[in-house]
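A.B. asks: Sending over a structure as structure tokens; questions will come in a sec.
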Amino acid sequence: MFSLHTTAQEITKAKKINDSIIGEVFFQYYLNNQDTIYNGNFEFNSTQKVKDQEDVVSYNYVGKYQENQKTGKWVFSKKELTPQKKFKEKNYKVTFSTSGSEFKINGNFKDGLADGDWQVVNQKFESSNPTDTLYSISSKFKNAKMVAHFSAASNRVNIDGNFTEDGLLDGNWEIIHRLDNKKLVEIRSYEDGIFKSHYFLINDEKYHIEHVGLDIIVEENENWVDIEIKDDYFKILELTNFGFKEEANKDVVEDIKATTQKSNQFLKNALLSFGYYNEFEVWNSLKGNQAIQFGKFKVRKYTYTKNEKEQLAKLKDQSLQIKESLANFFSNSQIEIGKLNFETLNKYESILKQYQKAYPELDKIVNKLTQPAFEYVDREALLPKFNLEINFNSQLNYTYQEEQITEKHRFPEIPEQNNLSIPTLAKLVGNWHKDVVEIEEEVERILEDLSKQEALNEDEEELVARKTELIALYSNEDEKDNYNEFHEDVAEGVIQYTNQVFENYVKLPVDQKKDEIQSTLTCIEKLLNTYTELADIPRKLDRLDDVYTRTSFNPYLMVDMSERIKERIYKAFEDYLFPELMKEIKQDIDCDEFPKHLNDLERLYNRMVELSDQDTSDIEKELRRVRDADEIKQILLK
């Protein structure tokens, strides 16, 4: 046995960190039995242009290793910069000023563990000069643990607190909020990591925050555990936070829960900032471990029983299945068609609409029950404080083939607020799930009766879509700019006729549907085209006004003078023919006559444009004293 230990070397080469950041690394090392041992200076730089932008992102590390362990002072920097237009040249190198931001960590390591004074700063830059500090954070470390004093400051929040030698929050943590030029002091008291009290100082008065279900006194035979920042500690605080115990000045704190959540978020981000930039693990991206603990808390764990674990897992799955079943029902285009033939589909729709309306409240309570933080709260104390705003109306009212029907349905029983528990909520979700699944199975059976229409499904989906689009256009749901008075005149008739065409088709036997689907689609398509043609009428009328107007310059008055040309033709169209056509359009709304009248209007418009540039003296003579629209039409179309 022997070892081969080479002398110190250094190298600069390309390196990828975090699987995506490519840069250049310089480090000193030696080889020991072909193992690379980092020993000495280390530098890494990655400067990359953001895709399809001028912006630049850079990552930089500077520090030292001793026998593969980080040691001494280390600096990490991430910059997000935009080059400015100004630049300068020196020694054949062109440099640009930049604006943007820099996130920077100044730290120290001892034997690979965080040690000594650490600082985090996030600054803005303009023209390569710092202009504003977004936040600054400082803490002391010993054996990788946060110890002694901690402080964090941003434009809106300041935090000061202390840690024990074991890295647990301790004493009064003061959080100062600046809200609309008002200073608001929030105090969170800890004792060896245990949350003791939470209050705001308003006009020298204490206003305590009520944290229901969060134990603050350690007693025998209780299970108390250490929790780190990453383990969703602040979710526990948010779950148990029920606002002020006392009546506080609403002018000072309008939304106390929002204010305390901002405190939670800033404190969490501040504590993690020594090792994270957003989701990027700063020190784990290099050789050696993270070697940092980000502060710890001590909380009581209310360990789930086997039965509770099973109930929570089951109600979570059942809740997701309820959501999926509701989504499937209300997105199924066959339901709309089936409702016209099957009364029970209308009944089931009425039931499921109530479930759909109530589901967000169910989802909210299930999310609270199934998040990891829930195992660290006293459920017997907390659950009765939840306000379960779910109400079902057992009396159903729905319509089938124009008949109003009233019927009873047995919905799941909602537990009383003072009786909320994992078992009672599991029972609620289970009964809800059972009812929805039974309805879903029955709906599937009904739709199987419509399976003979399988070949028609694609066409019928298109029919439903086109019918919906047509009604939306003529109802002016989207308030389109091209919706005009001509649409408005016929809208009621078009919508009524469209619904009738759709209902007539739906009531057909399957065999007849196969014969009628294409003609029904063609009918709806023709009606859709009428919207565009009606939208174009104002443009056509303006064009005719323009081509039947002559403009000439009067040198005596020094102005342009306009006069109507071929007035008899224009007046015959404007006063008699066009109004009669629009009257016929309104009277004859169907798939054939409506488009036909619009085609006639198009022919007459084109003919009027042609006549504006032709000798029309004979036509004008014929039009004398003619007032009948059909006779005018014959004369113009000769």
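Yes/no per residue for (1) at pLDDT 95 or above; (2) closer than 17 Å to Ser333 by Cα; (3) out of contact with any His (no Cβ under 7 Å at 6 or more places or on another chain); (4) not acidic (Asp, Glu):
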site	(1), (2), (3), (4)
Asn457	no, yes, yes, yes
Glu460	no, yes, yes, no
Leu463	no, yes, yes, yes
Phe486	no, no, yes, yes
Ala491	no, no, yes, yes
Pro509	no, no, yes, yes
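A.B. asks: Sticking with this structure for a sec: Give Thr549, Thr498 a once-over and let me know the one that is farther than 23 Å from Glu584 by Cα, touching a Lys or Arg at 6+ places or on another chain (Cβ under 7 Å) and open to solvent by less than 50 Å² (accessible area, probe 1.4 Å). If you could, list the steps in order and put the result at the bottom.
C.D. replies: Working: Thr498 fails: farther than 23 Å from Glu584 by Cα.
Of the residues listed, the single one that is farther than 23 Å from Glu584 by Cα, touching a Lys or Arg at 6+ places or on another chain (Cβ under 7 Å) and open to solvent by less than 50 Å² (accessible area, probe 1.4 Å) is Thr549.
A.B. asks: Starting from the range 456-476, take each residue that is farther than 17 Å from Glu492 by Cα and open to solvent by 60 Å² or more (accessible area, probe 1.4 Å) and list its partners that are among the hydroxyl-bearing types (Ser, Thr, Tyr) and in a helix (DSSP H, G or I), counting only C-beta distances under 9 angstrom and pairs at least six apart or across chains.
C.D. replies: Going by the 9 Å Cβ cut-off, the qualifying pairs are Glu461/Ser333.
A.B. asks: May I ask you to list the residues in the range 103-133 that are open to solvent by less than 50 Å² (accessible area, probe 1.4 Å), within 35 Å of the chain's Cα centre (by Cα) and closer than 16 Å to Tyr276 by Cβ?
C.D. replies: Phe103, Ile105, Val120, Val121, Asn122, listed by residue number.
A.B. asks: Looking at (1) under 21 Å from Glu593 (Cα atoms); (2) among the polar types (S, T, N, Q); (3) modelled with pLDDT under 90, which one does Thr498 not meet, given that it meets all the others?
C.D. replies: Evaluating Thr498 over (1) under 21 Å from Glu593 (Cα atoms); (2) among the polar types (S, T, N, Q); (3) modelled with pLDDT under 90 leaves (3) as the failure.
A.B. asks: Moving to a separate point now. List the residue pairs whose Cβ atoms are under 9 Å apart, where the first residue sits in the range 278-299 and is more than 30 Å from Glu191 (Cβ to Cβ) and surrounded by fewer than 20 Cβ atoms within 10 Å (Cβ to Cβ), the second is at pLDDT 90 or above and among the small types (Gly, Ala, Ser), and the two are 6 or more positions apart or on different chains.
C.D. replies: Glu281/Gly275; Asn284/Gly275; Gly288/Gly112; Asn289/Gly112
A.B. asks: Name the one entry in Glu485, Glu503, Glu442 that is surrounded by fewer than 18 Cβ atoms within 10 Å (Cβ to Cβ) and without any contact (Cβ under 8 Å) to a residue 12 or more places away in the chain.
C.D. replies: Glu485
A.B. asks: Same structure, new question: Any residue in the range 141-161 that's among the β-branched types (Val, Ile, Thr): show its pairings with residues that are open to solvent by 40 Å² or more (accessible area, probe 1.4 Å) at Cβ separation under 9 Å, as long as the two are six or more apart or on different chains.
C.D. replies: Going by the 9 Å Cβ cut-off, the qualifying pairs are Val147/Lys140; Val147/Asn162; Val147/Glu165; Val147/Asp166; Val157/Tyr135; Val157/Arg178; Val157/Lys262; Ile159/Glu174.
A.B. asks: Okay, next question. Taking the stated definitions as given, is Phe486 part of a helix (DSSP H, G or I) and under 30 Å from Arg625 (Cα atoms)?
C.D. replies: yes
A.B. asks: Let me ask something else about it. If you go through the range 177-214, how many residues are within 28 Å of Glu380 (Cβ to Cβ) and not in a strand (DSSP E or B)?
C.D. replies: The total comes to 5.
Listed here are the residues, each with its yes/no results for (1) of a type outside the set (Asp, Glu); (2) modelled with pLDDT under 85; (3) loosely packed, with under 13 Cβ neighbours inside 10 Å.
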residue: Asp204; (1), (2), (3): no, yes, yes
residue: Leu214; (1), (2), (3): yes, no, no
residue: Glu219; (1), (2), (3): no, no, yes
residue: Phe244; (1), (2), (3): yes, no, no
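A.B. asks: Quick check on the range 548-566. Is at least one of its residues among the small types (Gly, Ala, Ser) and under 30 Å from Thr532 (Cβ atoms)?
C.D. replies: Checking the range 548-566: not a single residue is among the small types (Gly, Ala, Ser) and under 30 Å from Thr532 (Cβ atoms).
A.B. asks: To continue, here is another question. When the residues of the range 381-415 are filtered to those that are part of a loop (DSSP other than H, G, I, E, B) and touching a strand residue (DSSP E or B) at 6+ places or on another chain (Cβ under 9 Å), which remaining residue is least open to solvent (accessible area, probe 1.4 Å)?
C.D. replies: Here the answer is His409.
A.B. asks: Select the helices (runs of 4 or more DSSP H) contained entirely in the range 515-619, then report the ones holding at least 3 residues which are acidic (Asp, Glu) and over 46 Å from the mean Cα position of the chain (by Cα).
C.D. replies: Numbers: elements: 537-547, 567-572, 578-587, 593-611.
In the range 515-619, 593-611 are the helices (runs of 4 or more DSSP H) which contain 3 or more residues that are acidic (Asp, Glu) and over 46 Å from the mean Cα position of the chain (by Cα).
A.B. asks: Here is a further query. For the range 315-353, which positions are aromatic (Phe, Trp, Tyr), part of a helix (DSSP H, G or I) and more than 24 Å from the chain's Cα centre (by Cα)?
C.D. replies: Listed by number, the list holds a single entry, Tyr348.
A.B. asks: A follow-up question, please. Can you pull out every residue in the range 356-375 that is more than 20 Å from the chain's Cα centre (by Cα), part of a helix (DSSP H, G or I) and among the polar types (S, T, N, Q)?
C.D. replies: Thr370
A.B. asks: A further question on this structure: Just to be sure I understand, how many residues within the range 591-626 are among the small types (Gly, Ala, Ser) and farther than 19 Å from Leu541 by Cα?
C.D. replies: 1
A.B. asks: Continuing with this model, one more query. Could you please give the count of residues in the range 24-56 that are open to solvent by less than 30 Å² (accessible area, probe 1.4 Å) and either modelled with pLDDT under 80 or under 21 Å from Asn106 (Cα atoms) (or both)?
C.D. replies: Number of matching residues: 7.
A.B. asks: Collect the residues in the range 146-156 that are in a strand (DSSP E or B) and either small (Gly, Ala, Ser) or at pLDDT below 95 (or both), keeping them in residue-number order.
C.D. replies: Ala148, Ser151, Ala152, Ala153, Ser154
A.B. asks: In the range 527-542, is there at least one residue being open to solvent by less than 40 Å² (accessible area, probe 1.4 Å), in contact (Cβ under 8 Å) with a residue 60 or more places away in the chain and in contact with an Asp or Glu (Cβ under 6 Å, 6 or more places away or on another chain)?
C.D. replies: No, the range 527-542 contains no residue that is open to solvent by less than 40 Å² (accessible area, probe 1.4 Å), in contact (Cβ under 8 Å) with a residue 60 or more places away in the chain and in contact with an Asp or Glu (Cβ under 6 Å, 6 or more places away or on another chain).
A.B. asks: Identify, please: which residue in the range 300-314 is of a type in the set (D, E, K, R) and not in a loop (DSSP other than H, G, I, E, B) and is, among those, most open to solvent (accessible area, probe 1.4 Å)?
C.D. replies: Restricting to residues being of a type in the set (D, E, K, R) and not in a loop (DSSP other than H, G, I, E, B), the top hit is Lys306.
A.B. asks: Only one of (1) under 22 Å from Ile236 (Cα atoms); (2) at pLDDT 95 or above; (3) touching a Phe, Trp or Tyr at 6+ places or on another chain (Cβ under 8 Å); (4) not β-branched (Val, Ile, Thr) fails for Phe294. Which number is that?
C.D. replies: So the condition that Phe294 fails would be (2).
A.B. asks: Residues that are acidic (Asp, Glu) and closer than 23 Å to Asp592 by Cβ: does the range 505-523 have at least one?
C.D. replies: yes
The values are calculated or read from the model by the stated rules, or taken from the named source; none is laboratory data. Please read all numbers here as calculations on a predicted model, not as lab measurements. Reconstructed Cβ throughout: ideal geometry from the backbone, glycine too, with neighbour counts over all protein chains shown. SASA here: full protein model, heavy atoms, side chains in, ligands and nucleic acids out. Shrake-Rupley method; radii C 1.70, N 1.55, O 1.52, S 1.80 Å.
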